[in-house]
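Here is the structure we will look at.
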Amino acid sequence: MDWAFIAATMARRGLLTPGRPDRIVRQFASLGRWGFGLAGELRQAASRSPDRVAVIDDERTVTYTELLDRAGRLARALPVKPGERVGLLCRNSARMIEALIGVTILGADPVLVNTGLSAHQLDAVGREQELSALIHDDEFTDRVGMLDCTLDERRVEQLIAAAPDGPPAPPGRPGRTIVLTSGTTGVPKGARRPTPGGFRPLCSVIDRIPLRAGDRIMIAAPLFHTWGFAGMQIALALRATIVLRRRFDPADTRTALAEHRVDGLVAVPVMVRQLMDLEPGGEPRTLRVAAVSGSALPGGLATRFMDRYGDVLYNLYGSTEASWVSIATPADLRADPATAGRPPYGTRVVVLGDDDRPAPPGVTGRIFVGNEMLFEGYTGDRPASEMVEGLLGIGDVGHFDADGRLFVDGRADDMIVSGGENVFPAEVEDLLAALPQVREVAVIGVPDPEWGQRLAAYLVVSPGGQLDAEAVREHVRRHRARFCVPRDVVFLGELPRNATGKVLTRELPRSAPG
């Protein structure tokens, strides 16, 4: 039963420890009045642990009381009405969290904007999302000139200082966060995130990823990214101390993990790979959890990371639209580093064949998911994703193994047909990523006048590594069918990526077979 699972999980993760009765009463009263959105979670944390450090960033340390006060003052002073949309173009900082929660306290909808967008893309997002205002870091001032009502750091501080006194009342409609899709192949879409309806969504995640109340959690993933945003939600619910850096630097991150005695790291896979590029030494002893999401773990990265940092790696497979699908624990990743794990409590995942019936283990089909945190649709007139019997199609294909572990074979629209054979580029990509000479790799399909489509492999060689195009082809030829061998093999200094680490396939150079 839900209540038994929730109570047991909350107890295991330290959320039911005794405390001052008056603070516990205020804590649960805050959730009852404000709900389980960002405003309610911040208020419950400040009620139970008012003097605990909430955020440590590059500039300052902020307690939960101070964070709530500044977010509330900003809500009372923003020149925005409830129900309107406010863009946030900010790097990871206490200022970003204050603005995000301040907007939701007001009852407006925050739109999390990717810091890697150009001025023209920002203009397009502003028009498509109908932004009434944009709160931005000063470094982005030269990109936001085409938007109306932009609020820089100085203006936000003025609003907070001039705000009238008095606690705000809950809005008639809670603010709902809009997360932009990655936009690796075009203009990003706005996905409306649901507000948790209780404790079950939190418990579904922390049951599998053992973060605890009062932990120190470093969120390296961008807060505008679905996983960074989710990490912040979890941290607030756990009354954790959040450690932030404006920009990710692997050496600085490793130092911060040790300096702040961090218990949990929230990151994207490319950050884990960059940590592994550092020479061994200085790994933090306190790290219990390194939770990653956002893209696949390439090659043997999971095994190499756990060999150095311990069995602390957890991989959450999900999407902006689905929140989560499955979670791979260290035991899952030791059993098979390529697995996406198993669905957490309250989540149903099925793999459907072409006949819309569940595929047997080992057979690839389309992945569908159902949970209480599915997105509420795209903004504007964008069509919704495919639904089958209440389950959301997330555009990926995969299979279950005989032990019930999920494997993602690739994107449905990434599959190519070469000479009449179906090929998933991700399969070849994962094979090449396991080569010790390969630091990064991307494999895509490109048009071919004879075969219809062919594979193209783009590789970044590790420092000191030696590899040529024919050796790449021969490696694939030995381990896969002939139609999986890439005809194009291109060596690059680095792969083009967006701010969340995803490869921008549209920016990969096209070349003739070499």
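Out of E427, E470, which single residue is touching a Gly at 6+ places or on another chain (Cβ under 8 Å) and not in a strand (DSSP E or B)?
E427
Scan the stretch 32-46 residue by residue and report those that are among the basic types (K, R) and within 11 Å of I101 (Cβ to Cβ).
R43
Kindly indicate the residue of the stretch 299-327 that is more than 12 Å from the chain's Cα centre (by Cα) and hydroxyl-bearing (S, T, Y) and also surrounded by the most Cβ atoms within 10 Å (Cβ to Cβ) among those meeting that condition. Lay out the reasoning, then the answer.
Here is the first cut: in the stretch 299-327, the ones more than 12 Å from the chain's Cα centre (by Cα) are 299-314, 325-327.
The next check asks that each one be hydroxyl-bearing (S, T, Y); those that pass are 303, 309, 314, 326.
On the way: T303: 15, Y309: 19, Y314: 24, S326: 26.
Filtering the stretch 299-327 for residues that are more than 12 Å from the chain's Cα centre (by Cα) and hydroxyl-bearing (S, T, Y), the one surrounded by the most Cβ atoms within 10 Å (Cβ to Cβ) comes out as S326.
Only residues in the stretch 195-221 that are over 22 Å from I56 (Cβ atoms) and touching a residue at least 12 places away in the same chain (Cβ under 8 Å) count as the first member; pair them with residues that are open to solvent by less than 10 Å² (accessible area, probe 1.4 Å) and among the polar types (S, T, N, Q), Cβ under 7 angstrom, at least 6 apart or cross-chain, and list the lot.
C203/T9; D207/T9
Quick one: L455 ticks every box in (1) touching a helix residue (DSSP H, G or I) at 6+ places or on another chain (Cβ under 8 Å); (2) closer than 30 Å to I219 by Cα except a single one, so which number is it?
Unmet condition: (2).
Please go through the stretch 423-433 and give me each residue that is modelled with pLDDT of 90 or more and over 23 Å from the mean Cα position of the chain (by Cα), ordered by number.
V428, L431, L432
Suppose we keep only residues that are hydrophobic (A, V, I, L, M, F, W, C) and buried (at least 19 other Cβ atoms within 10 Å of the Cβ) within the stretch 164-182. Which one would you say is farthest from the chain's Cα centre (by Cα)? Spell out the reasoning first.
If we filter the stretch 164-182 for residues that are hydrophobic (A, V, I, L, M, F, W, C), which is where we start, we get 169, 178-180.
Filter again for buried (at least 19 other Cβ atoms within 10 Å of the Cβ), leaving 178-180.
Working: I178: 14, V179: 10, L180: 11 Å.
If we take residues in the stretch 164-182 being hydrophobic (A, V, I, L, M, F, W, C) and buried (at least 19 other Cβ atoms within 10 Å of the Cβ), then I178 is farthest from the chain's Cα centre (by Cα).
Just a yes or no: is a residue in the stretch 446-455 modelled with pLDDT under 95, surrounded by fewer than 21 Cβ atoms within 10 Å (Cβ to Cβ), under 17 Å from G410 (Cα atoms) and among the aliphatic types (A, V, I, L, M)?
Checked the stretch 446-455: at least one residue is modelled with pLDDT under 95, surrounded by fewer than 21 Cβ atoms within 10 Å (Cβ to Cβ), under 17 Å from G410 (Cα atoms) and among the aliphatic types (A, V, I, L, M).
So F368 passes all but one of these: (1) more than 30 Å from V472 (Cα to Cα); (2) more than 22 Å from the chain's Cα centre (by Cα). Which condition number does it fail?
(2)
So how many residues does the stretch 14-44 have that are under 26 Å from R288 (Cβ atoms) and either open to solvent by less than 30 Å² (accessible area, probe 1.4 Å) or touching a His at 6+ places or on another chain (Cβ under 6 Å) (or both)?
Number satisfying all stated conditions: 7.
How many residues, within the stretch 360-383, are in contact with a Lys or Arg (Cβ under 9 Å, 6 or more places away or on another chain), touching a residue at least 40 places away in the same chain (Cβ under 8 Å) and surrounded by 13 or more Cβ atoms within 10 Å (Cβ to Cβ)?
Total meeting the criteria: 10.
Keeping to the stretch 195-214, report how many residues are crowded, with 23+ Cβ neighbours inside 10 Å and over 16 Å from S323 (Cα atoms).
So the count comes out to 1.
Looking only at the stretch 485-514, count how many residues are modelled with pLDDT of 90 or more and of a type in the set (A, V, I, L, M, F, W, C).
7
Considering only the stretch 410-420, state which residues are surrounded by 13 or more Cβ atoms within 10 Å (Cβ to Cβ) and either over 21 Å from S385 (Cα atoms) or in contact with a Cys (Cβ under 7 Å, 6 or more places away or on another chain) (or both).
Across the stretch 410-420, the qualifying residues are I416, V417, S418, G419.
Looking at the stretch 227-241, can you tell me whether even one residue there is within 24 Å of I394 (Cβ to Cβ) and among the hydroxyl-bearing types (S, T, Y)?
no
Keeping to the stretch 461-514, report how many residues are aromatic (F, W, Y) and either surrounded by fewer than 15 Cβ atoms within 10 Å (Cβ to Cβ) or in contact with a Leu (Cβ under 8 Å, 6 or more places away or on another chain) (or both).
Of the residues in the stretch 461-514, 1 are aromatic (F, W, Y) and either surrounded by fewer than 15 Cβ atoms within 10 Å (Cβ to Cβ) or in contact with a Leu (Cβ under 8 Å, 6 or more places away or on another chain) (or both).
How about the stretch 45-72: which of its residues are without any contact (Cβ under 8 Å) to a residue 60 or more places away in the chain, buried (at least 18 other Cβ atoms within 10 Å of the Cβ) and either in contact with a Gly (Cβ under 6 Å, 6 or more places away or on another chain) or over 23 Å from R247 (Cα atoms) (or both)?
A46, S47, E66, L68, A71
The values are calculated or read from the model by the stated rules, or taken from the named source; none is laboratory data. All values derive from a computational prediction rather than experimental measurement. As a convention, Cβ positions derive from the backbone with ideal geometry for all residues, glycine included, and neighbour counts pool all protein chains shown. What goes into the accessible areas is simple: the full protein's heavy atoms, side chains included, and nothing from ligands, DNA or RNA. Shrake-Rupley method; radii C 1.70, N 1.55, O 1.52, S 1.80 Å.
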